[in-house]
Structures are given as structure tokens and as C-alpha cells.
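**Student:** Below you will find the structure I want to go over with you.
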Amino acid sequence: MSPKIDLKPAEKILECYPRDMTSLIQVLQDLQLTYNYLPREVLKRVSAALSVPLSKVYSVATFYKAFSLTPKGKKVIRVCTGTACHIRGANLLMDELERQLKIMAGETTSDMKYSLESVNCVGACAMAPVIMVDETYYSNVQPDRVKKMLDGKQ
Amino acid sequence: MVTLKIDGKIIQAREGTMVLEAARQMNINIPAICHHEAVEPWGGCRLCLVEITHDDWGGWSGLVTSCLYPVEEGLIVTTASPKVIETRKTIIDLLLARYPGSPRIQELAREYGIEKTSYVPDVGRDNCILCGLCVRLCAGMGMAAISTAGRGAAKEISTPLQEAPEDCIGCGVCHKNCPTMNIPMQDKNGVRTIWNRKFELIRCSACGKAHITREHAEYLCEHQDLPPEYFETCDQCKRLENADRFAAIVKW
Amino acid sequence: MKRCKTPADLKKWSTGLDRQRKKTKTRILVCSGPGCLARGSRKIAGAFQKELAARKLDSKVVHKLTETGCHGLCQQGPLVTIMPEHIFYVQVKPKDVPEIIQQTIMKGQVIERLLHTDPGKKEKFQDYRKIPFYARQVRVALRNVGLIDPNDIEEYIAVGGYQALAKVLTGMKPEKVIDMVARSGLRGKGGGGFPTAKKWKSGRDAPGEQTYIICNGDEGDPGAFMDRAIMEGDPHSVIEGMIIGAYAVGSSQGYVYVRQEYPLAVKNMQQAINDARKAGFLGDRIFGTPFCFDIRVSRGGGAFVCGESSALMRSVEGNVGEPRAKYVHSVKRGLFDQPTILNNVETWNNVPYIVSEGPERLASMGTKKSKGTKAFCLVGKVRNTGLIEIPMGTTLREIIYEIGDGIIRDRPFKGVQTGGPSGGVVPNSLLDLPVDFEALTRAGSMMGSGGMIVMDDRTCMVDVAKYFLHFLMEESCGKCVPCREGLKQLHNIVDGITRGNAGNGDLEKIENLSRSIMEGSLCALGKSAPNPVLSTLQYFRPEYETHIEKKKCPAGVCKALITYLINDKCTGCTLCVKACAFDAIVGKKKKMHKILEDKCTRCGACFAVCKFDAIEID
């Protein structure tokens, strides 16, 4: 039985925007940051508050990469898969991370410790290949450093 | 009125008419799976592509979806040029790979001489061809109970949060218009089952047929200002009633 | 913060700031562009703050500490520049800060070890303007980026900000503004290269209740961060450009659409808008004229397709980013079905420059059909990666070898990728190509938004094609069949080639399918998606054929087609044995090691650790 979701933060966010469809994506952005994902109850509340059909809210929430309908891990590992990072071996890093964490890109470990994502260009191409763990950047990462990086974080 | 040429024949059409409609007026058959007169054209299936050019365009020609391209004075349209046929065949080939089991696609493929797909077929997926008609018609009805979910090749038609849709009124418009009959609907013992929801059907007081869901009836009464007992009789019986009444007035 | 009701108010404010600037002895510019930020520029700025305070030195006026946008030479970051001498320190660490203050700021002495050294000539550069990387650039869009505090409107005003707006609103008719932009030759910098003045005129003439203008900050091309640098580093230039444009086309509401992955750009643009409003440059009766205009920031949701103008507009409306057919142009029916002018960040940023310097200035640079300059991100296997701006017509050779200082480790240059996922690879044989819209398109690529990725002989072109196809497959909105299904199948074929599973006639299949995708797709994402594979096929066909016929990857990239070997340079140091997570390397200390082919996953870990070049990729 999942815990009941506190809708107070959602109400606070909804108060900041006009109550119509043009606010939908902005509202969902703020909710994603606050709740770390988009709970069902929150989506239903958004639908009622903005007078947007729930089907539409769901469609938008599943179309854009910014939103997740399942909670993210405590730490989010982002592998930059921009072109410059790719030609400097980013896919080898992703393979190694998937192997070590035993999840695929886009998933979260069962102990909710890590989420693994790919991201397109963080603008640090001089440091390619780049991995971000939350707000920390790791530059010129090679596959052998991956384990050390994870150990350092655990 | 606007004068244009389609496949060599000169026709006149009202401004604002789409090339697809104008062609159909001339009995020229252009396939268009995602098209429906009741809703705005969408341009998703791309089967209705035609080649257009114009004397003022310096020899330039291109492919456009005829469902969305408005007629223009002096437009020259070719509905089955080599470029159109090549592109259309590829689209059908791709659809066949995606939905190998769909009878409608198989029929189209046969029409264009395609026996089986030259691409890697998808396995284990249903017959949804993502024409979007169900979603657009539902939204057009005013319910918007279903929508697309996701994007790219993983895009699919879904109910909100993958739960039984609360906004559905069981009208069955999606089921009736799906080109590949991919939306199941069952009417049994006065109950309609669709999208995992069950609806009670009103039985006609005259013939006893279960003909419309209570929710659909309520919706129509509210939006079309009809008396609440309007749907106590089914369409057929209403027609018979009106015919009797008319006959009584005219006294044949 | 002052409120300017008239141009005279602005002039007074600017003069006042000039007076104040005379009190500044040094300006300490700490670069906080994306690259330097990632390398810890905040810590350096913090160190300066702390040290200056400890020495009781004023960091607000006399020794003005400024965190700026991207200075440009990202490869050498973190960067610190001391003005007015333009002293340029590279790879600065927080522990260098006390010395910089003591030696350079207090005594005017240069710290040699922190200067940039030209790797070729071993020459040290004190003034950054003399470094070839900078010397060859002409910074128009980037005129303020890296030199001012983006979050302080007064810094923008001090360099002449909003004077162009004052000139336009109080002395020019809208048609004259459009004419001025036309004479400058400005073309859209987002990739399309559409003549800006022409778009504005169509928008102005289009009937509707409300005309909107939009700034496209959805920079989705992987490897491009020019727009990010402008939005983060000089947001007011974009705002001023938008206000001028709004006046020219008759709009009272604008939107800046920023991609979700740029939270700092969102923050800086929003602050700049708030400040511009307080100062009276946005809102009602700007500069005392009847003209009213305001801007809202709209965040993207994480979708590359929203860089396409009609998909962007759907997104602003709160919808999924599904494009519309362009048969009715968005200048006539765009956002909320109203006339809409959409331009890229860099395009808007050019507008105040055109007004203040005169259109002839921009028109005097560039080539016959591509006037002015263009900002690029020079990245990849080049020595000097970073943010640059060059006049149109500069050759690729100059960019890669003079500004970029050549290929890392002097490896052979193979090609340069431009135009992002919609572009192509320009090979070695076309190195003397002058960079402009038409030349790049003729070469099978395109200008795009400005990403320029340099590739060497260790880059596999088939893999590059597969990479872009995979990217576009994930980013496709899924509305139309040719893109949604076609890219999936095209990717399948190219992927098969990289795995040694090519079928008969695959290359012909690629060409035919590509043609149909280009003809049949609804929007530019789909229509241009086959460009990378077609361009690499055009210039690197033998490489494809080697993959297919010999099942080998000459560049040593495609895992299924390569073998890792240890050669006789091996000293038996066991580093690779330890690095291998699959127990695929055997070897005792001081004895030559061996890779067990059946266990090796080609992860590259051993290659990365070997110090003796003993690991080869066949």
C-alpha cells in the first residue's frame, strides 16, 4: 500500500500559475522537482485545477523526458551522450554503468539508490566524456574509473 | 471558386477545400487512413501524399498530404506520380512491418503489389496503427477520455494512467471508427464493456433492444437540449413512431 | 535600479555608470560558462571573494569581481581574466587565487605558469586577444559574453545596452526597422537561414488579433551550447532584440522558450526580464511611447522535436510537441493560431547590434549570400575546444587548424560534423570550404545551429550515422509513419552493419528508405533525419563496404568487429589485468599479458589504463 501523497505542495505550486492549459508543462516541471516524480493523485489534481482532461495531462507527462511517473533514485547519474562525448567513448561508459548498477538507462535501482539516465549535451564538451552525479561533474571519465566513482559515492 | 488541375483534369473547387476532398469529388481514390470528415485532418499516416506543382514555381514540385493542403488557383496535382507511388509503397511496407497482422494493411499492401514487408517485422504487438482517430473523435465528442502516451516508436493509445477512463461515456465511437478493429467493445445482457469499464445500456421501451448507455444518453440530452425520456426508445422505433404520426396527419 | 521613462533617463543612467566605472582599478572576470562551471568556477569566485575581503579590498567597485558567461576557450578552463590589461589565466585553481591577488592585482605582475601556452610554438600569451584562438574571431553575438555579469542590468547598460531600443522607439517607424534588418543581410541563426526581415514583414502583414514573437532557446543539437552561452551570459541582448523586433512587427507579447536541460539559462533570462521590467524597458508605454510589450519564459519539457517551430508553439500552448504541416505558415497562423514570428536566440541577439552599429557593419562581413558572423561550438578531437564566433566565409581549415590548433595528438583529420542530427560530415577533401549556408548545404551538410564536431581517424563514420539515427529515433514525436517507423528500420539496418549482420543490398536499401523518409515525413526532424547516413555514405562509402564485406571496423570502434590485442610493448605491469572486470586478461608481473578473446567485451577499460601503448584495437 503506497503512502498517501501530501497535496499541499501541489496546491502551492498551482497557485502560482494561471488556471489554464498553457500552464500545464510549467506546473508539471515544478511538481517533478518537488515530488521527485509525478504521483497519480497529483496528476489528477492538476487535471481538475487547470480544467484539462486527465488524458491530456497523462499524454503530456509521458511525452516529455523531464517527467517520470515513478520515483527517481536518491542519486541521479547522468551520462552525457552528446556527439562530442559519444566520439570520446560515452557509450562504453554507459555500458559499464549499466553493468555495475544492473539497470538500463532510464531505470532506477531496486534499492532506490541510483537512477541512470542519458542526457544530451551539458555544454562541457571540453571535458568529454562527462558524467554528472546530481550536480557534480566528472570529466574525462574512462571505464575503469566508473567503479571508483560509484564506490566513492556509496 | 478556384480552378486547379488534378491528374490532368481541370476542376473547380470552393476556396478552403482540401485537395483530398476535391479529388474525391472527381472519384479519384487517394488512400487516407487517418482521415475522417467529422474531425480536423491530421496528416499522420502520410498515405494521401500527392505531388504538386504550379506554373509560377519555376519547375519546383513536391509531395504534400492532400488532406491538409488547401486548393489553390492554378495548382497542378498528380495523385499517382512515380515519386508518390514510391513513397506510398514505402509507407505501406513500413506499416506492414509494424502491424503484420492487420487485415486493412494487408489489403492496402496487396493493392500496391507488396506481398510481405521488406523490413524487420514487429512481433507481439497489437493492430493499432496510431492513426489517432479514436483520440481525435473522442476529443471531438467532448470527452477526451483517451489519448496518446509516450513518443516515437513507443507511442501508443492509452487510457489516463492506464486506468479505466472516468471520462468515457461508452458511446463506442472509437470502436466503430478504428480502421483495424483494434478497440474491443462487447454488448452483452444489457451491459457494454469497453476500455475496462462497464456501462448499463438503456433498453428501448418499444422493441426491447439495448441501444445506448445511460451516460451517453445523459450527455446528449444535456448538450442537445433533449427531453430526458428521449432515449427511452431507440432510433429505429422513433422513426417508426414518426412515420405513424406523419401518416396520421397526411391520412394516406 | 532606475526606471527609465525617457531616453534621456537612460543616457543619464549610463553616464552615471561611466563615472562609477572610472573608480574601478581592476575587473576580475571569473568565467562561469558551462565548461568552467563544471570545472568548479564557483569555488574560484568564492576564493576571490574570501581573499579580497580578508585583505580588506573592495570587490564591488575598486577590484570588481565579476562572474561572467562563457569566455570561450573551454579547453583551458577554469579561466580568469584580469582587466583592463586582458591578462588571461588558464586552468586556475582556488589555491592560485591569493597569488593572483598579491602579484597581479596588487603589483601588476604576471604569473607565468598560469598563462596559456601555444602547444605548437611553446609561446606564452599574456593578452588573450593575441592567442590565435581569439585573434581570429569576430565577436558580434558574443560581444558581451564572458565580459559582463549577466545578472546585473547595469553592466549591460554600461556597455551601451538599451540605447538601440531607445533609438528605435523614439525615432524610427516599424517599417524602417525591418528595412534596416533587411540591409544587414541577417539570416536566421537557428539552422534554417531564412532571411529575418522577410519573416518579420510577413508577420507584420498577417491579419490576426494578436501577433506573438518567440525566442527559440531549445538548442537541442547535441554538442551545441552557443545559445546557452548567450542566454546565460548576455540575456539582455536577447531581450533588447526581442523588444525591437516586437515593435517592428506589431506584437505586444513575447515568449522565450528555454529547454528544460538549461536551468541556469531559465534563471538568468527570468531575472533579466524582471530587471528590464523594473527599469521600464518592458511593460506599458516603453520610453514614454504608446508601445507596450512583455515577455514570458516558457520551459521546455525535454524533447528535441520542440526545436521545430510548430512543435515549439504546441509546447508553449501546453500540448505535446507534435509539429503541424507547414502548408499554412506559422507567421500567419502559429501560436494560439495567431501570426507568430519565431527566431533563434542568436538572431534576436544580433538585432540591437544592427541598430547601434548600423546594418552596413554586419553586411560588410561574410560572403555574398551569408552576411555577418556565426557562433559555433568547436568540439571533438580538436585541441582547442570551446565557443567561437567567426565571419561567414572563414574556411574549415582556418577554424580547425588555426583557431582549433589542430587535431589532438596530431592524428589524421577525418571529417567535421555540422548541423547536428540534421546535418552531415564534411570530409578532409573539403577542408578549404568557406563556411556559409549555401556551401555547407552543397556539401551535403548544413549550417545548423552551430555545433561543429571534429573527428579523427579513430571515429567510425558508420557508428556516427548509427548514433544520429538512434538519437532521432528516440526524439521522434511519433505522429507520422515515415519518421516513426522509417527511422526505426533505418537504424536497424545501420546497426546491423556495425554488428557484422549486414544483409544483401543494405546500402541500396538505406538509400531508398532514406529517400522516402525525406519525401514523406511531416516535419524537418524526419525530413532531415537521413542526412547523416547519406552524407557519410557519400564520402565514406568504402568504410561502409569494409564493415559489410570484410566485417571489420577500420576505426576500431564497432565492438562486434574489433579485437583487442596486446603487442610487444607490454611491460607486464598488470594494470590492465586489474582494470578488466571480465577476467579477460591473463598475465603475471613482468611477463607479457594476453587478452582472452572469448571473454573480452571490448569495454575499453584496458586501453584506457595502458601507459605503454601496448593495447591495440584491430
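**Student:** Has segment C:412-424 got at least one residue that is surrounded by fewer than 22 Cβ atoms within 10 Å (Cβ to Cβ) and not hydrophobic (A, V, I, L, M, F, W, C)?
**Tutor:** yes
**Student:** Another one. Considering every residue within segment C:313-324, establish whether at least one is away from chain A (no Cβ under 14 Å), more than 24 Å from A:F63 (Cα to Cα) and either in contact with a helix residue (DSSP H, G or I) (Cβ under 9 Å, 6 or more places away or on another chain) or without any contact (Cβ under 8 Å) to a residue 24 or more places away in the chain (or both).
**Tutor:** Here is the first cut: in segment C:313-324, the residues away from chain A (no Cβ under 14 Å) are C:324.
Now restrict to residues that are more than 24 Å from A:F63 (Cα to Cα): none.
No, segment C:313-324 has no match at all.
**Student:** Filter segment C:43-72 down to residues that are within 14 Å of chain A (Cβ to nearest Cβ) and either touching a Ser or Thr at 6+ places or on another chain (Cβ under 7 Å) or small (G, A, S) (or both), then give me how many there are.
**Tutor:** The first filter runs over segment C:43-72 and keeps only residues within 14 Å of chain A (Cβ to nearest Cβ), leaving C:43, C:69-72.
Remaining after also requiring either touching a Ser or Thr at 6+ places or on another chain (Cβ under 7 Å) or small (G, A, S) (or both): C:69, C:71-72.
Summing the residues that are within 14 Å of chain A (Cβ to nearest Cβ) and either touching a Ser or Thr at 6+ places or on another chain (Cβ under 7 Å) or small (G, A, S) (or both) in segment C:43-72 gives 3.
**Student:** Where residues in segment C:392-410 are more than 18 Å from the chain's Cα centre (by Cα) and closer than 15 Å to C:P119 by Cα, which of them is modelled with the lowest pLDDT? Give the derivation first.
**Tutor:** First pass over segment C:392-410, keeping only residues more than 18 Å from the chain's Cα centre (by Cα): C:393, C:395, C:397-398, C:401-402, C:405-410.
Those still in the list that are closer than 15 Å to C:P119 by Cα too: C:401-402, C:405-410.
On the way: C:Y401: 94, C:E402: 93, C:D405: 92, C:G406: 93, C:I407: 94, C:I408: 91, C:R409: 87, C:D410: 91.
Of everything passing the filter in segment C:392-410, C:R409 is modelled with the lowest pLDDT.
**Student:** Okay, moving on. Got a sec? Which helices (runs of 4 or more DSSP H) wholly within segment C:145-254 have at least 1 residues that are surrounded by 24 or more Cβ atoms within 10 Å (Cβ to Cβ), polar (S, T, N, Q) and touching a Ser or Thr at 6+ places or on another chain (Cβ under 9 Å)? Working first, answer last.
**Tutor:** Details: elements: C:153-158, C:163-171, C:174-184, C:196-205, C:226-233, C:235-249.
By residue number, C:174-184, C:196-205.
**Student:** Same structure again: May I ask you to list the residues in segment C:455-503 that are in contact with a Leu (Cβ under 9 Å, 6 or more places away or on another chain), of a type in the set (V, I, T), at the interface with another protein chain (Cβ under 9 Å from one of its Cβ atoms) and touching a residue at least 24 places away in the same chain (Cβ under 8 Å)?
**Tutor:** Across segment C:455-503, the qualifying residue is only C:V481.
**Student:** Ok, one more. May I ask you to list the residues in segment A:113-144 that are without any contact (Cβ under 8 Å) to a residue 24 or more places away in the chain and at the interface with another protein chain (Cβ under 8 Å from one of its Cβ atoms)?
**Tutor:** Listed by number, the residues that qualify are A:G123, A:A126, A:M127, A:Y137, A:S139, A:D144.
**Student:** Among the residues of segment C:231-267, which ones are among the acidic types (D, E), under 20 Å from the mean Cα position of the chain (by Cα) and modelled with pLDDT of 95 or more? Please lay out each step first, then the result.
**Tutor:** Taking segment C:231-267 and keeping what is among the acidic types (D, E), we get C:232, C:234, C:240, C:261.
Checking which are under 20 Å from the mean Cα position of the chain (by Cα) leaves us with C:232, C:234, C:261.
C:E232, C:D234, listed by residue number.
**Student:** A follow-up question, please. Counting residues that are of a type in the set (A, V, I, L, M, F, W, C), which strands (runs of 3 or more DSSP E) fully inside segment C:48-142 reach at least 2?
**Tutor:** Values: elements: C:63-68, C:80-83, C:87-89.
Ranges flagged: C:80-83, C:87-89.
**Student:** State all residues of segment C:502-521 that are at pLDDT 95 or above and more than 15 Å from C:L534 (Cα to Cα); if no residue qualifies, say none.
**Tutor:** Within segment C:502-521, C:G520, C:S521 qualify.
**Student:** Suppose we keep only residues that are in contact with a Lys or Arg (Cβ under 7 Å, 6 or more places away or on another chain) and farther than 24 Å from C:F582 by Cβ within segment A:88-112. Which one would you say is nearest to the other protein chains (Cβ to nearest Cβ)?
**Tutor:** A:T108
**Student:** Could you please find all residues in segment B:21-39 being crowded, with 18+ Cβ neighbours inside 10 Å, without any contact (Cβ under 8 Å) to a residue 60 or more places away in the chain and of a type in the set (A, V, I, L, M, F, W, C)?
**Tutor:** The answer is B:A22, B:A23, B:I28, B:I30, B:A32.
**Student:** Please give the helices (runs of 4 or more DSSP H) falling wholly within segment A:1-109 in which 2 or more residues are surrounded by 15 or more Cβ atoms within 10 Å (Cβ to Cβ) and at pLDDT 95 or above. Even if it seems obvious, please write down each step before you answer.
**Tutor:** Values: elements: A:8-15, A:24-35, A:40-50, A:54-63, A:83-87, A:90-101.
Here the list reads A:8-15, A:24-35, A:40-50, A:54-63.
**Student:** Given the criterion out of contact with any strand residue (DSSP E or B) (no Cβ under 8 Å at 6 or more places or on another chain) and of a type in the set (A, V, I, L, M, F, W, C), identify the matching residue among C:V138, C:V61. Before the answer, list the steps.
**Tutor:** Working: C:V138 fails: out of contact with any strand residue (DSSP E or B) (no Cβ under 8 Å at 6 or more places or on another chain).
Of C:V138, C:V61, the one residue that is out of contact with any strand residue (DSSP E or B) (no Cβ under 8 Å at 6 or more places or on another chain) and of a type in the set (A, V, I, L, M, F, W, C) is C:V61.
**Student:** Same structure again: Name the residues in segment B:136-156 that are touching a helix residue (DSSP H, G or I) at 6+ places or on another chain (Cβ under 9 Å) and more than 11 Å from chain C (Cβ to nearest Cβ), would you?
**Tutor:** B:L137, B:C138, B:A139, B:G140, B:M141, B:G142, B:M143, B:A144, B:A145, B:I146
**Student:** Can you spot a residue in segment B:190-197 that is part of a loop (DSSP other than H, G, I, E, B), in contact with a strand residue (DSSP E or B) (Cβ under 6 Å, 6 or more places away or on another chain) and within 29 Å of C:C477 (Cα to Cα)? Write out each step before concluding.
**Tutor:** Our first condition is that a residue be part of a loop (DSSP other than H, G, I, E, B); within segment B:190-197, this holds for B:190, B:195-196.
Keeping just the survivors that are in contact with a strand residue (DSSP E or B) (Cβ under 6 Å, 6 or more places away or on another chain) gives B:190.
In the following step, the residues that additionally are within 29 Å of C:C477 (Cα to Cα) were identified as none.
No: zero hits.
The values are calculated or read from the model by the stated rules, or taken from the named source; none is laboratory data. Note that the structure is predicted; figures quoted are calculated from it, not measured. Neighbour counts run over all protein chains shown; Cβ positions are idealised from the backbone, glycine included.
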